[in-house]
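In what follows, a structure is listed as structure tokens, so that the remarks can point back to it.
The values are calculated or read from the model by the stated rules, or taken from the named source; none is laboratory data. All of these numbers come straight from a predicted model, not from anything done at the bench. Virtual Cβ from ideal backbone geometry, glycine too; neighbours counted across all protein chains shown.
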Amino acid sequence: MNVTIIGTGYVGLVSGACFADFGHTVTCVDKDAAKVERLNAGEVPIYEPELDRLLEANRAVGRISFTTDPADAVGKADVVFLAVGTPSRRGGGHADLTYVYEATREVAALVKGYTVICTKSTVPVGTGDEVEAIVRQVAPDADVDVASNPEFLREGAAIGDFKRPDRVIVGAETERAIGVMRELYRPLFLNETPIIFTSRRTAELTKYAANAFLATKITFINEMADLCERVGANVQDVARGMGLDKRIGAKFLNAGPGYGGSCFPKDTLALAATANDYNSPVTIVDSVVEANARRKERMAQIVIEAAGGSVKDKTVAILGLTFKPLTDDMREAPSLTVVPMLQKAGAIVKGYDPEGMDEAAKQLDMHYASGTYEAIKGADVTVILTEWNEFRALDLLRVKAMMRGDVLVDLRNIYSADAAARAGLAYRSIGRTDAP
Ligand code: NAD
């Protein structure tokens, strides 16, 4: 099949690479000429494990190409995916659909023959109706069905998630569109991936419901961590005890500095805004949004407390700046709250991240170290903010020897209090008051 993807970001590029690997012929379109130029030169503009290899292999056999000009690719496409960004609109939290509607207008003017236009971007309920209305207006005679196929991949594990998803959700209103989407995903039938066909509105809402539920799970365990600290319990044991119950499940129960990233923050806000519009409040989601914002600020407070009540003129090393490991994505990362708060409190902040330094430098004005121990060198306080693998097995004796001070704040609960104490470090973790 011929697949055209509008928007070559994390989702568009990974989807394109994987559809090409399924055997389809894919054209990725982006209006960012610099991005397309880099892709055509064999570079990968984002960090995502395995993506470079997959792109190279499929480009070599002519199954994937990149362009700024959608005309040719849209004209011959069986399916055109819209994978453009849907950030938060300023004030109110609604999703900004400018890019989606703009891309729709461009695509509608170019389609030839029967084409499914499908939103892969995360879009609020009813966006498909609006996309369809735009298509009818721009090209009244076009033979188009509009479908929704929300994407559930996680950055850092995106290729595996796309090729072996827990499920695929397709919202389509006609048998013809269902047939096209079934054929597109046929390679996944081999590994028995459940493909669920629903109405378009249901598919759109399912994505938001899933993300809001995951954000709730994270926020729930974070609040349990706070409570553990008050009552003298251990949140990791609580989480394990909860997670072994199959109705609950063990994933997303790691206490930490609050969720960030390009999806949960904006998607929880957008769901709450939709619910508000329809006068059907989602009070749990409202609380989650508020608790998570408070939590990121609380993390800076914890660092200040661990430093003895003040970080003024102290050097704080921050290990990990991206919102999670294995990505260079800085969107809504806890570091964006924690670092400025520490600086405001008078700290000299030195950061290090294995992949996110270029992105971080665009948003955080601080000292950047060239490696883990380089960051730690001379620090009064070391903070583990993102649990990259290379921070998981630090030589704590070396950490202590290189620091000027002795405070280790472990916001991901990677180390044990015992091990830190043996190295002579004053250790602070999250929700583990009774942990050895
Ligand atoms: P992104 O910002 O990385 O990429 C979007 C791309 O679209 C950019 O390269 C931009 O230049 C391009 N673009 C915008 N308008 C265009 C147009 N008219 N024509 C051509 N290109 C255009 O965004 P992303 O992280 O890939 O997210 C895309 C969507 O997928 C969002 O709705 C997001 O919520 C959703 N999503 C993201 C993830 C994730 O982990 N990043 C996971 C699931 C769903």
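Quick grid of which residues meet (1) surrounded by 17 or more Cβ atoms within 10 Å (Cβ to Cβ); (2) in contact with a helix residue (DSSP H, G or I) (Cβ under 6 Å, 6 or more places away or on another chain); (3) closer than 30 Å to residue 146 by Cα:
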| site | (1), (2), (3) |
| --- | --- |
| 202 | no, no, yes |
| 235 | yes, yes, no |
| 239 | yes, yes, no |
| 245 | no, no, no |
| 248 | no, yes, no |
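Hey, does the stretch 13-27 have a residue that's among the hydroxyl-bearing types (Ser, Thr, Tyr), crowded, with 22+ Cβ neighbours inside 10 Å and assigned to a helix (DSSP H, G or I)? Yes, that holds for at least one residue.
Among residues of the stretch 196-251 being over 30 Å from residue 172 (Cβ atoms) and among the small types (Gly, Ala, Ser), the one that is nearest to the ligand (Cβ to nearest atom) is 250. For residue 350, the test of being charged (D, E, K, R) and either assigned to a strand (DSSP E or B) or over 22 Å from the mean Cα position of the chain (by Cα) (or both) is passed.
Does residue 90 qualify as being out of contact with any Phe, Trp or Tyr (no Cβ under 6 Å at 6 or more places or on another chain) and modelled with pLDDT under 95? So residue 90 fits the description; yes. Annotation: of all residues in the stretch 46-90 being assigned to a strand (DSSP E or B) and farther than 19 Å from residue 36 by Cα, the one that is farthest from the ligand (Cβ to nearest atom) is 79.
Can you say whether residue 77 is crowded, with 19+ Cβ neighbours inside 10 Å, within 29 Å of residue 325 (Cα to Cα), small (Gly, Ala, Ser) and out of contact with any Pro (no Cβ under 7 Å at 6 or more places or on another chain), as far as the supplied structure shows? The answer is no for residue 77. Does residue 50 fit the bill of being surrounded by fewer than 18 Cβ atoms within 10 Å (Cβ to Cβ), assigned by TED's automatic domain parsing to the domain that holds residue 149, touching a residue at least 40 places away in the same chain (Cβ under 8 Å) and of a type outside the set (Phe, Trp, Tyr)? So residue 50 passes the test. Is there a residue being of a type outside the set (A, V, I, L, M, F, W, C), surrounded by 19 or more Cβ atoms within 10 Å (Cβ to Cβ) and over 23 Å from residue 309 (Cβ atoms) anywhere in the stretch 419-435? So far as the stretch 419-435 goes, no, none of its residues is of a type outside the set (A, V, I, L, M, F, W, C), surrounded by 19 or more Cβ atoms within 10 Å (Cβ to Cβ) and over 23 Å from residue 309 (Cβ atoms). Candidates are the residues of the stretch 1-45 that are away from the ligand (no atom under 13 Å from the Cβ) and among the aliphatic types (A, V, I, L, M); the one that is nearest to residue 77 (Cα to Cα) is 3. Of the listed requirements (1) more than 11 Å from the ligand (Cβ to nearest atom); (2) more than 21 Å from the chain's Cα centre (by Cα); (3) within 30 Å of residue 251 (Cβ to Cβ), residue 93 misses just one: (2).
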